[in-house]
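Okay, structure first, notes after.
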């Protein structure tokens, strides 16, 4: 069942109150949303003329937790928070939010890229509905 998206303002307040905050020089947020253009068209250039009308989204919480734990091992990463939606999502709905805090920009950007990729390829199931 679709969830209510979190408040990023609240997430940032929590992060800045966390014991790791004194070591963090940057927070970066990722917000994935359901788009109309099919994944195959965006990623592989395959245009079959269809458009996405929504998606079924699910995730494996244990795999997500493992991906987060692995990301914490990356250089300079001190704070991670992940929220994933679930169920039938419509165009424009939030799929995921990820907040990462670390010491310097290159470390935070690399960690976000790594974690999003791992979640998208190993932890979730996305089934696009098309017309």
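Which one of these is out of contact with any strand residue (DSSP E or B) (no Cβ under 6 Å at 6 or more places or on another chain), exposed (fewer than 15 other Cβ atoms within 10 Å of the Cβ), closer than 26 Å to residue 111 by Cβ and in contact (Cβ under 8 Å) with a residue 60 or more places away in the chain: 21, 66?
Working: 66 fails: in contact (Cβ under 8 Å) with a residue 60 or more places away in the chain.
Result: 21 is the single residue among 21, 66 that is out of contact with any strand residue (DSSP E or B) (no Cβ under 6 Å at 6 or more places or on another chain), exposed (fewer than 15 other Cβ atoms within 10 Å of the Cβ), closer than 26 Å to residue 111 by Cβ and in contact (Cβ under 8 Å) with a residue 60 or more places away in the chain.
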(message) Whether any residue in segment 115-123 is in contact with a helix residue (DSSP H, G or I) (Cβ under 8 Å, 6 or more places away or on another chain) and assigned to a strand (DSSP E or B) is what I want to check.
(response) no
(message) Here are the criteria: (1) exposed (fewer than 14 other Cβ atoms within 10 Å of the Cβ); (2) under 13 Å from residue 126 (Cβ atoms); (3) under 15 Å from the mean Cα position of the chain (by Cα). Tell me which single one residue 56 does not satisfy.
(response) (3)
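Would you pick out the residues in segment 34-45 that are touching a strand residue (DSSP E or B) at 6+ places or on another chain (Cβ under 6 Å) and either surrounded by 15 or more Cβ atoms within 10 Å (Cβ to Cβ) or in a strand (DSSP E or B) (or both)? Spell out the reasoning first.
Within segment 34-45, the first condition is being touching a strand residue (DSSP E or B) at 6+ places or on another chain (Cβ under 6 Å), and the residues that meet it are 34, 36, 38.
Matches in segment 34-45: 34, 38.
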(request) Answer yes or no: is there a residue in segment 69-82 that is more than 19 Å from residue 105 (Cβ to Cβ), in contact with a helix residue (DSSP H, G or I) (Cβ under 9 Å, 6 or more places away or on another chain) and either in a helix (DSSP H, G or I) or modelled with pLDDT under 95 (or both). (result) yes
(request) Considering only residues that are crowded, with 18+ Cβ neighbours inside 10 Å and over 15 Å from the mean Cα position of the chain (by Cα), look in segment 90-127 and name the one that is farthest from residue 29 (Cα to Cα). (result) 107
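The values are calculated or read from the model by the stated rules, or taken from the named source; none is laboratory data. Quick caveat, the model's predicted, so the values are computed rather than measured. Cβ coordinates were reconstructed from backbone atoms using ideal geometry, including for glycine residues, and neighbour counts include every protein chain displayed.
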